[in-house]
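The values are calculated or read from the model by the stated rules, or taken from the named source; none is laboratory data. Quick caveat, the model's predicted, so the values are computed rather than measured. Cβ atoms come from the backbone with ideal geometry, glycine included; neighbour counts cover every protein chain shown. Remember, those area values only see protein heavy atoms, side chains included, never the ligands or the DNA or RNA. Shrake-Rupley method; radii C 1.70, N 1.55, O 1.52, S 1.80 Å.
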Amino acid sequence: MKRVALYFSLICIFTSWMPLLAAPDSPRALIVIGPSRHPPGTHEVAAGARLMAFCLESLENAQKLEVDVVDSWTSDWKTLKTYDTVVLIGDSFPGERMAESDTAMKDLARMMKKGCGMITVHYGVGLKNEDMGPDGDHPLLHWTGGYFAAKCDHHQSVAKIYEAATIVPADPAHPIANGVMPFTIKDEPYIKNYFGPKGRMLPGAFPVATSMLPPDDPNKEIIAWGIERPDSGRGLGITLPHFFQNWKVEPLRKFIINGILWTAKVEVPNAGAKTTLPDLQHFEPESVVPVPRKK
């Protein structure tokens with residue numbers, strides 16, 4: 001009986017410690033799909049969101065994330081405050097384009113204030129002239145460190161498809177660049193992006209990737225950028241990919257997934273995030289290959 005009592009006592013002690021030994025809650029990401037009117041095979045923002053969620057939920061060498069994908073905004077602070085990062089993809093910054101934009105912008109400001117991360121993807125980095133005052137200031141500048149200025153009075157960014165743009169990590173030692181070597185791709189990396197008055201980056205902001213563009217008059221253009229914000233949050237803007245099929249390009253995909261992990265404050269593996277994609281049709285794009293715009 002004494003031996004049974006001893007076993008019972010040990011079981012009780014072990015059980016009482018189990019909550020402390022349990023694995024911490026998984027980091028969480030919210031992926032927001034904004035409106036898009038691009039032809040099939042380009043942007044494909046809903047399919048791109050599903051693809052990013054798949055990668056984050058099936059990481060092979062890093063901590064997996066819990067991911068929610070939404071195409072409308074619901075103001076539920078109890079849920080919103082649980083996210084470690086928010087990913088936005090659409091035709092210009094979804095916070096300004098969604099039907100619930102006023103609410104979304106207020107909630108995003110609240111999320112950023114508590115240190116939530118943010119990453120904007122391709123045209124999701126863009127703002128329009130009506131989104132800001134004449135000085136070009138906008139919360140997105142402070143949340144991610146820059147933006148693509150779409151026909152704005154204060155600044156003119158440039159969007160053009162290049163047959164062969166070579167993308168180079170700006171700082172190979174930064175976690176976002178882990179496992180990413182320079183790569184060449186046919187795509188639409190935006191150039192002449194806006195980083196603040198007189199081209200000066202905000203405190204805490206830095207280049208993440210560059211490319212020598214345009215080919216006929218090359219300059220070292222910042223085509224991805226990041227920021228470590230005073231609120232302790234991290235932001236990132238990356239101007240690729242325009243073509244849905246370019247998600248198959250492993251260095252590009254790794255670069256973006258590394259970036260999401262970094263904004264969520266999840267350790268990025270030294271070799272970079274490893275993901276294996278199924279056929280791109282799995283993500284239900286309108287088209288995998290680009291379809292010419294109807295005249």
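When the chain is modelled as a GNM with alpha-carbon springs shorter than 10 Å, which of 131, 217, 91 fluctuates the most? Comparing 131, 217, 91 in a Gaussian network model of the chain, the most mobile one is 217. Note down the net charge around residue 104, summing +1 for each Lys or Arg and -1 for each Asp or Glu among other residues with Cβ under 14 Å from its Cβ. Surrounding charge for residue 104 is -4.
Annotation for the range 231-292 versus the range 74-131: alpha-carbon center distance of 18 Å. The distance between label points at residue 110 and residue 192 comes to 3.9 nm (points 7 Å beyond Cα on the Cα→Cβ vector). Each label point was placed 7 Å from the Cα along the Cα-to-Cβ direction; for residue 66 and residue 171 their separation is 3.2 nm. Dividing the summed -39500 (n - 2.57) terms of all DSSP H runs of n ≥ 4 by the residue count of the chain sets its mean residue ellipticity at 222 nm at -7500 deg cm²/dmol. Of all aspartates and glutamates in the structure, the ones whose alpha carbon falls short of 19 Å from that of residue 113, not counting any fewer than 8 places away in one chain, are 76, 84, 96, 102, 137, 228, 231. log₁₀ I(q)/I(0) of the range 133-215 at q = 0.25 Å⁻¹, via Debye over equal Cα point scatterers, no solvent, to two decimals? So the normalised log intensities are -1.25. May I ask what percent, to the nearest 5, of DSSP beta bridges between residues of the chain are antiparallel? Taking every DSSP beta bridge within the chain, about 50 percent pair in antiparallel fashion.
Inverting the mean 1/r over all pairs of different Cα atoms, compute the Kirkwood radius of the range 123-262 and quote it in Å.
Here the Kirkwood hydrodynamic radius works out to 15.2 Å.
Taking springs between alpha-carbon atoms closer than 10 angstrom, which of 196, 126, 95 fluctuates most in the Gaussian network model of the chain? Result for the chain, Cα springs under 10 Å: 196 fluctuates most.
Mean projection of the Cα convex hull over all viewing directions, computed for the chain: 19.0 nm².
Sort 172-184, 234-246 for me by packing, meaning the mean count of neighbouring Cβ atoms within 10 Å per residue, highest on top.
Ranking the peptides 172-184, 234-246 by packing returns 234-246, 172-184.
Label reach from residue 289 (point 7 Å along Cα→C-beta): in the range 213-257, amide nitrogens under 14 Å belong to 244-246.
Average accessible surface for the chain: 49 Å² per residue, computed with a 1.4 Å probe over protein heavy atoms with every protein chain in place.
Distance check, please: which entries in 81/265; 151/198; 78/114; 64/186; 81/274; 64/160 exceed 25 angstrom between their Cα atoms? Beyond 25 Å: 64/186; 81/274; 64/160.
At q = 0.11, 0.20 Å⁻¹, work out log10 I(q)/I(0) for the range 51-186 with the Debye formula, treating every Cα as an identical point scatterer and leaving solvent out; two decimals please. Ignoring solvent entirely, the Cα scatterers give -0.50, -1.39.
Taking all Cα pairs closer than 8 Å and separated by 6 or more residues, the relative contact order of the range 198-295 comes to 17 percent. Within 10 Å of each candidate Cβ there may be at most 15 other Cβ atoms; applying that plus a DSSP loop requirement, which trypsin sites (Lys or Arg not before Pro) in the range 49-129 survive? The qualifying sites are 64, 81, 114. Of 228, 267, 163, which has the largest mean-square fluctuation in a 10 Å C-alpha GNM of the chain? Maximum among the listed residues: 163. The value of relative contact order for the chain, using C-alpha pairs under 8 Å at least six residues apart, is 22 percent. Sparse packing (at most 15 other Cβ atoms within 10 Å of the Cβ) combined with a DSSP loop state is found for the following GluC sites (Glu not before Pro) in the range 90-131: 100.
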